[in-house]
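The structure appears right after this line, and notes come after that.
The values are calculated or read from the model by the stated rules, or taken from the named source; none is laboratory data. Just so it is clear, the model here is predicted, and its values are computed rather than measured. Here Cβ is always computed from backbone atoms with ideal geometry, including for glycine, and neighbour counts include all displayed protein chains. Each accessible area value is taken on the protein alone, full model and side chains, heavy atoms only, with ligands, DNA and RNA left out. Shrake-Rupley method; radii C 1.70, N 1.55, O 1.52, S 1.80 Å.
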Amino acid sequence: MSVVDFATGPDRYRHWRIEIDGPLATVAMVVSPGHGLRDDYELKLNSYDLGVDIELADLVDRLRFEHAGVKAVVLTGGLDGVFCAGANIQMLAGASHDHKVNFCKFTNETRGAIEEATAESGQAWLAAVNGTAAGGGYELALACDEILLVDDRSSAVSLPEIPLLAVLPGTGGLTRVVDKRHVRRDLADVFATRTEGSKGRQALDWGLVDAIAPRSGFDELVRERALARAAASDRPDGGGFPLSEVALTVDADTVGCGSAVATLDRERGAATITVHGPTEPQPTTSAELAAAGDRAWIVAAARDLDRVILHLRLNETEIGTWLLRTEGDLGAVLAADALLDGDEDWLLREVRLLWTRVLRRLDLSARSLFALVEPGSCFGGVLAELVLAADRSYMLDGTWEDDDDPPPPAVLHPTRASLGRHPMTNGISRLEARAWGRPEALTVAEATVGRELLAAEAAEAGLVTFSLDDLDWEDEVRLAVEERASFSPDALTGMEANHRFVGPETMETKIFARLTAWQNWIFQRPNAVGPEGALRRFGSGSRPDYDRTRV
């Protein structure tokens with residue numbers, strides 16, 4: 001498959017229509033069959049591939065930043081009798097294994113952003129299921145806070161992946177049915193093994209939808225419920241600023257945009273990702289931030305880093321180790337970041353949540369993460385979270401001794417940003433995860449907030465893994481990267497996920513850890529993807545031939 005490009009915008013959408021009416025936005029899914037990422041399948045019946053979801057992810061962000069006055073979003077189908085037929089089967093059957101898994105992960109993250117908009121941003125999403133919602137189509141509806149189904153004796157919701165395709169619903173359907181909608185487990189069992197799904201009254205009685213109405217009264221029901229949600233929102237009546245396209249530059253060994261640049265070392269399977277701090281005065285009030293828009297470093301850096309992460313995930317799958325660096329004026333980073341600790345305000349809230357999503361995407365990336373804290377770095381405020389997110393961190397003790405004019409020693413400066421402002425998917429801070437089950441260690445770590453820490457202090461507080469002098473620095477980092485490249489990538493992915501997500505489990509951690517792990521395995525099984533497997537035989541008229549062994 002060619003390089004996946006995440007750049008898009010409303011003037012380039014091929015699959016979505018948006019209408020704004022005061023506090024309400026209507027988002028209609030109208031997938032263009034001939035505009036898939038590959039040319040060997042058609043996106044019929046509002047089925048989708050990664051390209052459709054890239055547009056949706058962009059749309060979700062734009063509604064939050066560009067349309068502050070939108071307080072409720074109605075998601076509906078733009079085709080007669082079809083809400084969404086789910087992920088395109090021919091796309092899945094022909095995709096590489098890593099593309100299938102990364103597709104599921106990105107799509108899950110987009111569904112999570114929809115849920116976050118409802119829960120945290122005051123922008124409630126409602127699904128107006130005006131036709132059949134099958135598989136990923138119903139999972140898309142499940143990401144919304146309310147599901148309204150037209151009761152016309154033909155429209156149904158279903159999760160037919162197990163009986164038809166020998167795989168699991170890939171974007172959290174099983175988990176959301178029982179964990180979010182609280183459907184009884186026996187009814188969920190019936191629902192997930194019945195290809196036709198559930199219609200009208202049964203779907204309502206089982207808890208699969210929140211309300212039903214005949215076609216003649218459906219639009220009225222949807223508008224009434226959406227206006228009720230809008231009335232309860234704390235978002236302003238207007239405002240917002242446009243999001244410009246993130247201009248990613250890609251060449252043979254460098255990927256970057258603005259504040260974030262990755263340099264690739266293909267021989268060692270590593271990428272050095274450097275986030276640059278601000279170089280100009282930054283907004284100090286919400287009003288100044290609104291005026292600066294996405295030119296403000298605190299917004300631009302998050303979007304730039306996110307784009308680099310996504311590009312490396314989807315397009316550089318053999319680059320297994322990411323070295324996280326920063327460069328710039330630590331004081332400037334701290335000043336820009338301090339704005340996010342201001343009084344509650346819709347825009348400050350959105351920027352905080354943007355960084356939370358980016359950091360979670362980093363947490364959930366199947367890559368080894370090493371942070372390098374060196375002289376000239378600016379690991380403070382939200383950027384200190386990169387150190388806490390890393391699987392290992394290396395901090396130089398002192399400075400470069402052989403420089404004629406050595407820079408100041410390396411420092412780490414944790415702030416209130418690390419006290420839960422950007423929680424992980426399991427709902428706890430990265431400091432809490434680092435000190436899980438050791439309350440004394442957490443107390444010591446939290447006491448460092450607001451202080452510039454030299455290497456010895458950071459190591460004593462448990463914030464970095466190794467404190468090294470300049471004589472050992474280069475060799476220790478090189479050996480660590482080379483060692484990582486000698487291990488099995490599959491084993492590393494499993495090890496890192498087990499270590500990163502300690503503590504409580506949430507619906508989101510279940511979806512990414514439990515479901516994604518099982519889906520990853522199932523996508524390699526002959527029952528699904530073999531020549532006689534269900535994905536290969538779907539639509540051929542021939543039944544799949546299953547190996548009946550349970551393992």
Please find, among Arg514, Arg536, the residue that is in a helix (DSSP H, G or I) and surrounded by 17 or more Cβ atoms within 10 Å (Cβ to Cβ). Arg536
Hey, could you check segment 377-407 for residues that are farther than 27 Å from Lys105 by Cβ, out of contact with any Asp or Glu (no Cβ under 6 Å at 6 or more places or on another chain) and among the small types (Gly, Ala, Ser) and say which is surrounded by the fewest Cβ atoms within 10 Å (Cβ to Cβ)? Gly398
Of the candidates Leu243, Leu310, the one satisfying the condition of being surrounded by fewer than 19 Cβ atoms within 10 Å (Cβ to Cβ), farther than 26 Å from Leu479 by Cβ and modelled with pLDDT of 95 or more is Leu243
Wholly enclosed strands (runs of 3 or more DSSP E) of segment 1-119 bearing at least 3 residues open to solvent by less than 10 Å² (accessible area, probe 1.4 Å) and over 25 Å from Ala513 (Cα atoms): 24-29, 72-77
If you check Thr356 against the conditions, is it of a type in the set (Ser, Thr, Tyr), in contact with a Leu (Cβ under 8 Å, 6 or more places away or on another chain) and open to solvent by less than 30 Å² (accessible area, probe 1.4 Å)? no
Considering only residues that are assigned to a helix (DSSP H, G or I) and open to solvent by 50 Å² or more (accessible area, probe 1.4 Å), which ones fall in segment 444-457? Val444, Glu446, Ala456, Glu457
Do you know which residues across segment 142-155 are of a type in the set (Gly, Ala, Ser) and open to solvent by less than 10 Å² (accessible area, probe 1.4 Å)? Ala143, Ser155
For residues in segment 265-289 being without any contact (Cβ under 8 Å) to a residue 60 or more places away in the chain and crowded, with 19+ Cβ neighbours inside 10 Å, which is nearest to Phe65 (Cα to Cα)? Pro283
With open to solvent by less than 10 Å² (accessible area, probe 1.4 Å) and not in a loop (DSSP other than H, G, I, E, B) as the only criterion, which of Ala417, Ala441, Ala410, Ala433 stands out? Ala417
Filtering segment 1-57 down to residues that are closer than 18 Å to Leu92 by Cβ and charged (D, E, K, R) yields Arg38, Asp39, Asp40, Glu42, Lys44, Asp49, Asp53
Verdict on Ala260 being out of contact with any Gly (no Cβ under 9 Å at 6 or more places or on another chain), of a type outside the set (S, T, N, Q) and within 22 Å of Ala389 (Cα to Cα): yes
Collect the residues in segment 475-504 that are closer than 23 Å to Ala119 by Cα and either touching a helix residue (DSSP H, G or I) at 6+ places or on another chain (Cβ under 8 Å) or among the hydrophobic types (A, V, I, L, M, F, W, C) (or both), keeping them in residue-number order. Phe501, Gly503
Can you pull out the residues in segment 462-484 that are under 30 Å from the mean Cα position of the chain (by Cα) and either more than 22 Å from Val382 (Cα to Cα) or open to solvent by less than 40 Å² (accessible area, probe 1.4 Å) (or both)? Gly462, Leu463, Val464, Val477, Ala480, Val481, Glu482, Glu483, Arg484
Pairs returned, first residue in segment 420-446 that is over 19 Å from Asp341 (Cβ atoms) and modelled with pLDDT of 95 or more, second residue that is open to solvent by 30 Å² or more (accessible area, probe 1.4 Å) and polar (S, T, N, Q), beta-carbon separation under 9 angstrom, 6 or more apart or interchain, are Thr425/Thr506; Asn426/Thr506; Gly427/Thr506; Ala435/Thr443
When segment 270-288 is checked residue by residue, the ones that are assigned to a strand (DSSP E or B) and not polar (S, T, N, Q) are Ala270, Ala271, Ile273, Val275, His276
